[in-house]
Amino acid sequence: MEGSVVLAGPRVAHSLFGGDVYTAGLFGPNHGWNTAGTKQVSGVTSQMAFGVEKNLGPFVRWRVVELNVGFFSGSSGVQAFAVSTGIVLHFH
């Protein structure tokens, strides 16, 4: 079964030295397709993120580091951890 996830949730940030330190909690249903091609909800995915972004311009930021840990309720013991960096478009 392949699946897709769309997550949404709150983000709290604090401006510090020309950038932001932030944390976010994201939640959403995990959708999958069975062998007959029928779409179904197969669990709940949650993700916690902590990171630092540095302003590069009015709409561009560098995500210096982001630490993510995710959990999936549809399978026992499934958990993911990731460390990432990259360029972010920021609109506010």
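Assorted remarks:
- Listed peptides 46-54, 59-67 by packing density, highest first (mean Cβ within 10 Å): 46-54, 59-67
- Computed from backbone phi with θ = phi - 60° and the Karplus coefficients 6.51, -1.76 and 1.60, the 3J(HN,Hα) list for segment 85-91 is 8, x, 8, 10, 7, 10, 10 Hz; x is used for glycine and proline.
- Cβ-defined net charge surrounding His90, 14 Å radius [Lys, Arg +1; Asp, Glu -1]: +1
Bear in mind these aren't lab numbers, they're just calculated from the coordinates by the rules spelled out. The structure displayed is predicted, hence computed values, not measured ones. When we count neighbours, we look across all protein chains shown, and the Cβ atoms used for this are built from the backbone with ideal geometry, even at glycine.
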